[in-house]
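The values are calculated or read from the model by the stated rules, or taken from the named source; none is laboratory data. Treat the numbers as computed from the prediction; the structure is a model and nothing was measured. Cβ placement follows ideal geometry from the backbone for every residue including glycine, while neighbour counts extend to all protein chains displayed. We work out accessible area using only protein heavy atoms, side chains counted, and drop any ligands, DNA or RNA first. Shrake-Rupley method; radii C 1.70, N 1.55, O 1.52, S 1.80 Å.
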Amino acid sequence: MILKVEHSTLFEYEEPIYETATEVRLHPASAVGSQQCASFNLQITPPASVFDYIDYYGNRVHHFNILQSHKRVQIVATSVVETDAQPETGPFTEDEILLLDLLAESHYVRFDPAIQALAARFREIDEPCRQATEICQHINDSFRYEPGVTDVHSTSAVVMALGRGVCQDFAHIMLATCRNLGLSARYVSGYLYGGGSTPEGRDEASHAWCEVWCGAQKGWTGFDPTHKSLFVDERYIKIGTGRDYGDVPPVRGTYKGASSEKLGVSVRVSSLEHDGEAPESRQRQRV
């Protein structure tokens, strides 16, 4: 599929602020055989010089400073991405230190007693991909999708106690369960085009899911505990990966000033293969 993503973030302030420092993780990943980013454009208002680097997890990070006084900052990222329905074939290799890193607890991923009890249900399954699939299926069956009951700071322990949440929360639950069983697993941020509706009947544009290391023959395999399809396919656009949400927030920054901040985010994903006739996905996004 050839997909276009338009992601707009607007910060507004009642009083002028200054010395804004911002990091942006909105550049789609490129991996041979699965996804290629054909183009990417980042527009900043007020205008600013934009720099970039690759972080520890391989994500491209753009960053900029706005030193003069201002009352609004707008960030518009536009991407064209080609996704492949046919996954790569193995054998695969991965850095052993990274795999160890993705076995541990992290800020959002906690091995609390509830997670340990959940993991115990799958401990007898000895094939990694089947183990991850059963975990994904259980989360999809047992947790209720409900926006507003959690927030961007909610950990896996909070979500376990609630039994409900959104895609970010379900990804953290799956990460905690897999890692507790000795499966290296990473958080994925990105978008989902068309297909896969929430229980409210809305398509999700910005999204989060998991990738589990299923061994040298299968490599990293994508699982989506939010949707009944369970497996990641060509409708998914990957932006970045990390231990949890904290490693790949779309926008993160600081500023100087006494004014409160108002945030607005809009995302639009469309297909370039159907002359604009394909359905579009729209959703407000956590940042």
(request) Report, in order of residue number, the helices in the chain meeting two criteria: a C-alpha extent of 18 Å or more along the helix axis, and a mean Kyte-Doolittle hydropathy of at least -0.5; treat each whole DSSP H run as one helix. (result) 167-180
(message) Give me the one-decimal nm value for the distance between modelled label points at residue 80 and residue 43, 7 Å along each residue's Cα-to-Cβ direction.
(response) 1.6
(message) Quick one: the Cα spread of the stretch 1-126 along its three principal axes, in angstroms, biggest first?
(response) 59, 38, 24
(message) Among 236-248, 145-157, how do they line up by average Cβ neighbours within 10 Å per residue, starting with the highest?
(response) 236-248, 145-157
(request) If a cysteine in the chain has no other Cys Cβ under 4.7 Å from its own Cβ, put it on the list, ordered by number. (result) 37, 136, 167, 178, 210
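Can you give the accessible area per residue of the stretch 1-106, in Å², using a 1.4 Å probe? Please list the in-between numbers first.
Values: 5750 Å² over 106 residues.
Accessible area per residue: 54 Å².
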(request) Provide the FRET efficiency to the nearest 0.05 for the residue 99-residue 15 pair, computing r from the beta carbons and using R0 = 35 Å. (result) 0.15
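What's the ranking of 249-259, 101-111 by average number of surrounding C-beta atoms within 10 Å, highest first?
Numbers: 249-259: 15.0, 101-111: 18.7.
My ranking of the peptides, most packed first, is 101-111, 249-259.
Please report, as a whole percent, how much of the solvent-accessible surface of the chain comes from carbon and sulfur atoms (probe radius 1.4 Å).
In the chain, the share of accessible area belonging to carbon and sulfur is 49 percent.
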(request) Give, in nm to one decimal, the length gained when the segment between residue 2 and residue 120 is fully stretched (0.36 nm per residue of separation minus the Cα-Cα distance). (result) 38.4 nm
(message) Multiplying the sequence separation of residue 30 and residue 72 by 0.36 nm and subtracting their Cα-Cα distance, what value in nm do you get?
(response) 12.0 nm
(message) Could you work out [θ]222 nm for the chain from helices alone, using -39500 (n - 2.57) per DSSP H run of at least four and dividing by all its residues? Round to the nearest 500 deg cm²/dmol.
(response) -5000 deg cm²/dmol
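Rolling a 1.4 angstrom probe over the protein heavy atoms, how many square angstrom per residue are accessible across the stretch 149-267? Present the calculation step by step, with values, prior to reporting the outcome.
Numbers: 3930 Å² over 119 residues.
Result: 33 Å² of accessible area for each residue.
Using only alpha carbons, build the gyration tensor for the chain and give me the equivalent ellipsoid semi-axes, biggest first, whole Å.
Details: eigenvalues 194, 96, 71 Å².
Gyration-tensor ellipsoid for the chain: 31, 22, 19 Å.
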(message) Straight-line reach from residue 262: which lysines fall under 25 Å, measuring Cα to Cα and dropping same-chain residues less than 8 apart?
(response) 71
